[in-house]
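Working notes, structure below.
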Amino acid sequence: MLRELRPAIVMTVALTLITGIAYPLAMTGIAQVVFPHQANGSLITPNGAVIGSDLIGQNFTSDKYFHGRPSAIMGTDSSGKPAPTPYDASNSYGSNLGPTSKALIDRVTADVATLKAQNNSQPVPVDLVTTSASGLDPDITPAAAAFQVPRVAKARNLPEGQVSQLVVEHTEGRLLGLIGEPHVNVLQLNLALDKASAGG
């Protein structure tokens, strides 16, 4: 019996050492050398303190900032009842509401009306009223950023042209010119906006 068990035990230990320890350590080491920023979570540290990540959106609500996509993440309040917790990275998920859901239709209709009141000169971009599958999307389309320019410029008392230029400067194209769509990282854009408003 020991003769049959020995190969199984040896293979289990060997594969555990190779695939559970050696391989992850090798990949971690390569990632730290080749892509250190990404390997450490793409953290943003403008003044030495971590304020967020390029990969996870934040819940900006002030008129002075560009807003990201709606986040459908729900948590609980102090009494244990369900409550919205937008962009809570520990609890990622979408709304799971379908296109015939009355709750979804009512929310989107209300959001469109609110956005139209802020800027009636342009159609409302779809990503400003629909949630992403993760609820943590850090990016919006260039059209969604351009739609918000008048509100942000007015709240900051900045020329619209200057704010529009920031959007252009922070628009990232397709990866290798082929993969994905042009997008704007909301946190990076808002950091640039703060710097412009401070005269830096």
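What percent does the relative contact order of the chain come to when contacts are Cα pairs within less than 8 Å and at least six residues apart?
19 percent
Can you divide the C-alpha Rg of region 56-142 by 2.2 N^0.38 Å and report the result to two decimal places?
Ratio of Rg to 2.2 N^0.38 Å for region 56-142: 1.12.
Show me the three semi-axes of the equivalent ellipsoid for region 49-93, from the C-alpha gyration tensor (sqrt of 5 times each eigenvalue), largest first, rounded to whole Å.
21, 13, 10
Apply the Karplus curve 6.51 cos²θ - 1.76 cosθ + 1.60, θ = phi - 60°, to the phi angles in region 35-47 and return the couplings in whole Hz, x for Gly and Pro.
10, x, 4, 5, 5, 9, x, 6, 6, 9, 10, x, 10
How big is the gap, in Å, between the Cα center of region 119-135 and the Cα center of region 17-83?
Result: 23 Å between the Cα centres.
Can you bin region 104-181 into rounded, prolate or oblate? Criterion: square roots of the alpha carbon gyration tensor eigenvalues sorted a ≥ b ≥ c, rounded for a/c under 1.5, prolate for a/b above b/c, oblate for the rest.
oblate
Say the dipole of the chain comes from +1 at the beta carbon of Lys and Arg and -1 at that of Asp and Glu; which of 73, 179, 36 then lies farthest toward its positive end?
Of the candidates, 73 comes out farthest on the positive side.
May I ask you to evaluate 6.51 cos²θ - 1.76 cosθ + 1.60, the Karplus curve with θ = phi - 60°, for each residue of region 90-97 and list the ³J(HN,Hα) values in order in whole Hz, giving x for glycine and proline?
Working through the residues one at a time gives 8, 9, 6, 5, x, 7, 6, 7 Hz.
How big is the convex hull of the Cα atoms of region 1-96, per residue, in Å³?
So the per-residue hull volume is 236 Å³.
Determine by what factor the alpha-carbon radius of gyration of the chain differs from 2.2 N^0.38 Å, reporting the quotient.
Against the empirical 2.2 N^0.38 Å value, I get 1.38 for the chain.
Which of 125, 138, 161 sits closest to the plus end of the dipole of region 76-165, meaning its Cα is farthest towards the positive end, when Lys and Arg get +1 and Asp and Glu get -1 on the C-beta?
With unit charges placed on the Cβ atoms, the residue in question is 161.
Skipping prolines and chain starts, which residues have an amide H placed within reach, meaning under 5 Å, of the one on residue 74, given they are 5 or more residues away or on another chain?
85
Treat every Asp and Glu Cβ in region 1-146 as -1 and every Lys and Arg Cβ as +1, leave all other atoms uncharged, and give the resulting dipole magnitude about the Cα centre to the nearest 20 debye.
With only Lys, Arg, Asp and Glu charged at Cβ, the dipole is about 280 debye.
Over region 1-46, what portion of Cα pair distances is larger than 13 Å, expressed as a whole percent?
Summing the P(r) tail past 13 Å for region 1-46 gives 66 percent.
Roughly how large, in nm² to one decimal, is the mean projection of the convex hull of the alpha-carbon atoms in region 101-144?
Over all viewing directions, region 101-144 projects a mean Cα-hull area of 3.5 nm².
Work out the FRET efficiency for residue 13 and residue 130 from their Cβ-Cβ distance, taking R0 = 41 Å, and round it to the nearest 0.05.
In this case the efficiency is close to 0.25.
Per DSSP H run of n ≥ 4, the term is -39500 (n - 2.57); total these for the chain, divide by its residue number, and report the mean residue ellipticity at 222 nm rounded to 500 deg cm²/dmol.
Calculated mean residue ellipticity at 222 nm is -13000 deg cm²/dmol.
5 Å is the cut-off here: which amide hydrogens, built 1.01 Å from N in the peptide plane, fall below it relative to residue 44, excluding neighbours closer than 5 in sequence?
Distant-sequence amide H within range of residue 44: 51, 52, 53, 54.
Values in this text are rule-based calculations from the coordinates and carry no lab data. What you see is a predicted model, and the numbers here were worked out from it, not measured in a lab. Ideal geometry is used to build each Cβ from the backbone, glycine not excepted, and the neighbour counts take in all protein chains shown.
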